[in-house]
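Written out below as structure tokens is the structure these notes cover.
The values are calculated or read from the model by the stated rules, or taken from the named source; none is laboratory data. In this text, all values refer to a predicted model and were calculated from it rather than measured experimentally. Note that we place each Cβ from the backbone using ideal geometry, even for glycine, and neighbour counts take in every protein chain shown. Remember, those area values only see protein heavy atoms, side chains included, never the ligands or the DNA or RNA. Shrake-Rupley method; radii C 1.70, N 1.55, O 1.52, S 1.80 Å.
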Amino acid sequence: LTMTTKKGQSSSLFEDNDTLLASVLQNIGKAQSMLHQYGKAIETLEEALRIHRVVAMRTNNSRSSSQDVARILENLGEVQMISGDLTSAFGRYVESLNLLRSNSNNVNDSNNDIAVALVLGAIGRVHLKKGEYAEANVVLKECMRTFEKIGVPPNNRKINEIRSCLVDSELALMQNATSTLAGQRREISSVPYEDKALAIDELADAYKNKGDYSGAIWFYSEALTLRRRKVDQLSGSGLRGGETVDIG
């Protein structure tokens, strides 16, 4: 009995040390990414991922170890997306999403649900960057509805970012559908704020007419944000402070 206890304590100690090492590597990888050292960041995060996978195997893929693996995968996806490797980023995000969703099936956890929403948003951004506007539209809507279900405030910074991406995907789909010249695509970012706000108003009206009032609010809110930004630019006051909050 004593030997078994010591063995269990030894195993737990190894897992704690490995988890701590992986956590340090994860922080180093994030710092390297912030310094734009993307190659080094990916190598560091992949090392952290290997450690977490080993810990997960030792613990029979416990909930906490699965969440650790999912977080590292999300970090890797973010760095790879920033560095332009969209295919690898997509794969990392999808694997992370699958792990998080498997956790969601086991227990109700708002923190896990938030993580699911964040990864959905990241997948939507990858689709958007790849010009896959229809796919981006579907995933980003799911992300927004997940945030709403959890009860995240509508002025949350992440929600604002996802909403903006959703608007861009909708506008891109609209532009592609109405384009009269083959292959012609106008970049969303080049549209003047006034014109873009009016286009978003039309999208909001369409959602309202379909009875999707939550969707309508998303787009009306984005149009309002753009108009406020324009007013702030004209007045020289810059962006307004205190309008967004973070998840937490």
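Below is a table of values for the structure above.
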{"item": "Pairs where the first residue, in region 203-228, is over 21 Å from Thr146 (Cβ atoms) and the second is open to solvent by 40 Å² or more (accessible area, probe 1.4 Å) and outside any helix (DSSP H, G or I), C-beta under 8 Å, 6+ apart", "result": "Arg228/Arg240"}
{"item": "Answer residue from region 25-64, given it is among the β-branched types (Val, Ile, Thr) and modelled with pLDDT of 95 or more and is least open to solvent (accessible area, probe 1.4 Å) among those", "result": "Thr44"}
{"item": "In region 86-117, the residues that are open to solvent by 40 Å² or more (accessible area, probe 1.4 Å), among the aliphatic types (A, V, I, L, M) and modelled with pLDDT of 85 or more", "result": "Val94, Leu99"}
